[in-house]
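One structure is given here, and the rest of the page talks about it.
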Amino acid sequence: MPEKIYFTTPIYYVNAEPHLGHTYTTVVADTLARFHRSMGRDVFFLTGTDEHGDKIAQTAEETGVEPKQYADRISGIFRSTWETCGISNDHFIRTTDDYHIAFVREVLQRVYEQGDIYFGEYGGKYCTGCERFYADRELVDGKCPDHETEPVWIKEENYFFRMGNYQEQLLRHIHENPGFITPSGYKNEVLGLLREPLEDLCISRPKSRLSWGIELPFDDSYVCYVWFDALLNYLSGLSHVKGAERDAYWRHAHHLIAKDIVKPHAVFWPTILLAAGFPLYKSLHVHGYWNMGESKMSKSLGNVIRPLEMRERFGLDGFRYFLLRDMAFGMDSSFTEDAFIARFNADLSNGLGNLVSRVLSMQHKYFDGELQPVAGELEGLDRELCQAFTTAETKAKEHLAVLAFHLALEEIWRAIAACDKYVVETAPFKLWKQEEQRARGGEILHVLGDALRHTARLIEPLMPETAVRISELLGSDPGKLSAPTPEWGKSFAPGHRVSKPAPLFPRIEIES
Ligand code: MSP
């Protein structure tokens, strides 16, 4: 039985359309899902939309439509964006789906019956942007550090979850499982939060103030707090999977989020799981923020990057490459058009794109597109190139396993550079001119064909469309990208033909 593994993205609020930030987490999850599938694992990959709560109700009201109607529209945009972008999620969850609502009510009832939910009164400072209360010490100059707005004071009777009952158990788990929250900087941040006694979590909103939510099963005058509802998606999203398999996925659940939502995922969520009697997830992987140039990305500043526009203008893989190459997972990074264009032109147009064109052009010019056989053993320089790919593969896998996407790409690009060096050193363009050297020229191009096939295989998790295009250009079956590769020099059948070159990454010219 293949090993099971489960990847999730946050479920995105439907008050904004997909942008660079959402795309980054989704592309990271997609890359991991593809990488683990290529390693023979049985992957379940979940994404979706978070549709209840004040924030959505307010936005719908501003738009002048019912919340559900509004949520249907934006959720549809998320779903179709990921489809158009070839994201390989196995399921797309909406918190307005019936099975999710039923699951949330079941968990609420269970936790209520065992006494971890009680009724009481609470006053606190609430940020609608974050959909949570803030303690004074968490505020910066009295404002929410994320939204830079002053929270509003809310005092009302509500239901509370005794989060503090599970604080010790959570702390122990974090200490005993070093990979529970990564990178470690975020783990330390969570340990900092857990140094203070946890306050109970307000998990309801009176319907008189907010009706857009899941009704509490034990009091129909209240709806469930949006985070309690949303976090449970990670379990309800497996509802369509059979029991034993579901448990196996859950035991290997990896959540991907940015640093904005560490507290709900590292404190609320595990304590809810402990209270409801579920095992804890395996790991929470936290990445940094994409900023636009110097400033924080925001809808109001109008500096939003849309994935579909990027796809239209530059192709999706150019965008994926930049996102994965220019952010070290865990650290912040900044998106500027100049940085994007510079990377695109240097690494994709001049690097990979140019290599593919060059090899295919030579193959056509010298041998009418037909790959020539390799007679006997590979020569020294051939073996060196083959070794460069073996090293790149080993290292790229090590880096992908620990989410160091930028380093994995660096390794693969080292192998691509080795191909350029090989072309210079073996000079097939000279050999072709001399009758007695032509066969060797053909062998060199065969070896380069092998190198491109390996490149396609290595980049598949990171740049899936390009992997397929390279395979097609080489005349090999893109469906077999992750199949074990035959020996170098022996992988193409006699008479195998490659396609004429087509530009993979046309250079981006900057208008002055
Ligand atoms: N609905 C909640 C999550 C509930 S999960 C149970 C939510 N939604 S959100 O739409 O605001 O998405 C936040 C997430 O979007 C971040 O954690 C991150 O994955 C992604 N990003 C949004 N903006 C981002 C950047 N500027 N940079 C990087 N990723 C960010 O929070």
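So here's what we get for this one:
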| read-out | value |
| --- | --- |
| Hits in the stretch 178-198 (condition: surrounded by 13 or more Cβ atoms within 10 Å (Cβ to Cβ) and either assigned to a loop (DSSP other than H, G, I, E, B) or not hydroxyl-bearing (Ser, Thr, Tyr) (or both)) | 179, 180, 181, 183, 185, 187, 189, 190, 191, 193, 194, 198 |
| Of residues in the stretch 251-279 being over 15 Å from residue 228 (Cα atoms) and hydrophobic (A, V, I, L, M, F, W, C), the one farthest from the ligand (Cβ to nearest atom) | 253 |
| Positions within the stretch 101-119 being part of a strand (DSSP E or B) and either under 11 Å from residue 161 (Cβ atoms) or of a type in the set (Val, Ile, Thr) (or both), in sequence order | 117, 118 |
| Extreme residue, farthest from residue 90 (Cα to Cα), among residues of the stretch 39-54 that are within 14 Å of the ligand (Cβ to nearest atom) and free of Cβ contacts under 8 Å to residues at least 60 places away in the same chain | 51 |
| Residue 476, sole failed condition from (1) open to solvent by 40 Å² or more (accessible area, probe 1.4 Å); (2) without any contact (Cβ under 8 Å) to a residue 24 or more places away in the chain; (3) more than 17 Å from residue 393 (Cβ to Cβ); (4) not β-branched (Val, Ile, Thr) | (1) |
| Count of the stretch 366-382 residues which are in contact (Cβ under 8 Å) with a residue 12 or more places away in the chain, in a helix (DSSP H, G or I) and either open to solvent by 30 Å² or more (accessible area, probe 1.4 Å) or in contact with a Leu (Cβ under 8 Å, 6 or more places away or on another chain) (or both) | 3 |
| Test: residue 81 is away from the ligand (no atom under 11 Å from the Cβ) and open to solvent by less than 10 Å² (accessible area, probe 1.4 Å) | yes |
| Residue within the stretch 98-114 that is free of Cβ contacts under 8 Å to residues at least 60 places away in the same chain, within 16 Å of the ligand (Cβ to nearest atom) and over 26 Å from residue 7 (Cα atoms) present | no |
| Verdict on residue 248 being away from the ligand (no atom under 14 Å from the Cβ), in the same structural domain as residue 108 (by TED's automatic domain parsing) and farther than 30 Å from residue 209 by Cα | yes |
| Lone qualifier among 244, 266 - being out of contact with any Ser or Thr (no Cβ under 6 Å at 6 or more places or on another chain) and surrounded by fewer than 17 Cβ atoms within 10 Å (Cβ to Cβ) | 244 |
| Number of positions in the stretch 73-99 that are of a type in the set (Lys, Arg) and in a helix (DSSP H, G or I) | 2 |
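Conditions (1) open to solvent by 30 Å² or more (accessible area, probe 1.4 Å); (2) assigned to a helix (DSSP H, G or I); (3) within 14 Å of the ligand (Cβ to nearest atom); (4) modelled with pLDDT of 95 or more, marked per residue:
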| position | (1), (2), (3), (4) |
| --- | --- |
| 5 | no, no, no, yes |
| 10 | no, no, yes, yes |
| 24 | no, yes, yes, yes |
| 29 | no, yes, yes, yes |
| 37 | yes, yes, no, yes |
| 56 | no, yes, yes, no |
| 71 | no, yes, yes, yes |
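The values are calculated or read from the model by the stated rules, or taken from the named source; none is laboratory data. Given the structure is predicted, the values throughout are model-derived calculations rather than measurements. Positions of Cβ are backbone-derived with ideal geometry, glycine not excepted, and every protein chain shown enters the neighbour counts. We work out accessible area using only protein heavy atoms, side chains counted, and drop any ligands, DNA or RNA first. Shrake-Rupley method; radii C 1.70, N 1.55, O 1.52, S 1.80 Å.
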